[in-house]
Amino acid sequence: MAKKNDAFYYDNFASSAELACKAAQKLDDTMRNFDPKTIERAVEEMHEIEQAADENVHEVNDALITAFITPIEREDIATLANAIDVVIDRIEGVLHRIYFTNVQQMRPDALEMSAKLVRATEQMHDLVLELPQFKRSKSLREHVITVNTIESECDDIFIRAMRNIHTAELDPLTVISWRDIYSFLEYGADSCEFVADTVENIVMKNS
């Protein structure tokens, strides 16, 4: 395998973060224009995004096996690559649960959370783009804080949504289904925050 230059790793992070944005937007569009008849196709399209992200992780791991020198510690490269991939996995997990629990109608608070997830992935993407020039970046820290803020906002919606489904007169299967969907929406926001925290730790270690 030919030696990978530093740009390969950063470009890979950026590509994966862009796929995360695409996945979040696909989820949000599917939920806002919800049609149970088209959900299976949406699941297939989401899986294509997830597969592309997995390929990025494989490429990074293959490169690290033979790399002698890397722009940052190889453990940090592997951690960040996998952390971004987890974001996409969690987003796909939301759509899976909408599909296999046979949801027939969308709930407004779920749309609030999906919108937050779109914003979180966009900020995460912008943050990752700043990583190659982190020593000169004036916005990297701002992106970290914004992702953390969005995750906190998503927490608030999650708590309210869980309270609503457990106090409303809903049948038990509906409660179980939505509890799982809300949880994975929250996992997605948590995963974005973990990416932001990982980038921040990398910056601190290399400053």
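The values are calculated or read from the model by the stated rules, or taken from the named source; none is laboratory data. None of the values given here were measured: they were computed from a predicted structure. Here the Cβ is made from the backbone with ideal geometry for all residues, glycine too, and neighbour counts use every protein chain on show.
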Check your understanding: Applying the selection to region 53-66, what residues are surrounded by 15 or more Cβ atoms within 10 Å (Cβ to Cβ), over 18 Å from the mean Cα position of the chain (by Cα) and free of Cβ contacts under 8 Å to residues at least 40 places away in the same chain?
Key -> L64
Study note, to complete from the structure: Sole miss for S207 among (1) closer than 26 Å to N82 by Cα; (2) in a helix (DSSP H, G or I); (3) touching a residue at least 60 places away in the same chain (Cβ under 8 Å) is condition (2)
Practice item. Could you check how many residues of region 138-157 are more than 17 Å from H125 (Cβ to Cβ) and hydroxyl-bearing (S, T, Y)? Key: 1
Point to revise | Lone qualifier among A110, A115, A120 - being of a type in the set (A, V, I, L, M, F, W, C), assigned to a helix (DSSP H, G or I), surrounded by fewer than 18 Cβ atoms within 10 Å (Cβ to Cβ) and touching a residue at least 40 places away in the same chain (Cβ under 8 Å) | key: A115
Check your understanding: In region 160-177, is there at least one residue being of a type in the set (A, V, I, L, M, F, W, C), surrounded by fewer than 21 Cβ atoms within 10 Å (Cβ to Cβ) and in contact with a Leu (Cβ under 6 Å, 6 or more places away or on another chain)?
Key -> no
Point to revise | Residue match in region 25-48 (condition: in a helix (DSSP H, G or I) and under 24 Å from P132 (Cβ atoms)) | key: no
**Study point:** Some residue of region 130-149 being charged (D, E, K, R) and either under 21 Å from Q104 (Cα atoms) or under 15 Å from the mean Cα position of the chain (by Cα) (or both)
**Key:** no
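Going residue by residue through region 74-88, is there one that turns out to be of a type in the set (K, R), in a helix (DSSP H, G or I) and surrounded by 19 or more Cβ atoms within 10 Å (Cβ to Cβ)?
Filtering region 74-88 for residues of a type in the set (K, R) gives 74.
Narrowing further to those that are in a helix (DSSP H, G or I): 74.
Imposing the further condition that a residue be surrounded by 19 or more Cβ atoms within 10 Å (Cβ to Cβ) reduces the set to none.
No; the residues of region 74-88 include none that is of a type in the set (K, R), in a helix (DSSP H, G or I) and surrounded by 19 or more Cβ atoms within 10 Å (Cβ to Cβ).
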Exercise for review: Sort through I69, I77 and tell me the only one that's hydrophobic (A, V, I, L, M, F, W, C), touching a residue at least 40 places away in the same chain (Cβ under 8 Å) and farther than 21 Å from E112 by Cα.
Suggested key: I77
Check your understanding: In this structure, is I159 of a type in the set (A, V, I, L, M, F, W, C), free of Cβ contacts under 8 Å to residues at least 40 places away in the same chain and out of contact with any strand residue (DSSP E or B) (no Cβ under 9 Å at 6 or more places or on another chain)?
Key -> yes
Revision key, fill the gap. Residue hits (region 162-189; free of Cβ contacts under 8 Å to residues at least 60 places away in the same chain and charged (D, E, K, R)) are R163, E169, D171, R179
Point to revise | Pair list, Cβ < 9 Å and 6+ apart or interchain, from region 26-42 residues that are touching a residue at least 24 places away in the same chain (Cβ under 8 Å) and hydroxyl-bearing (S, T, Y) to residues that are outside any helix (DSSP H, G or I) and crowded, with 19+ Cβ neighbours inside 10 Å | key: none
Check your understanding: Give me the pairs: first residue in region 123-146 and under 18 Å from F194 (Cα atoms), second residue among the aromatic types (F, W, Y) and at pLDDT below 95, beta-carbon distance under 9 Å, and six or more apart or on different chains, which are they?
Key -> L140/F134
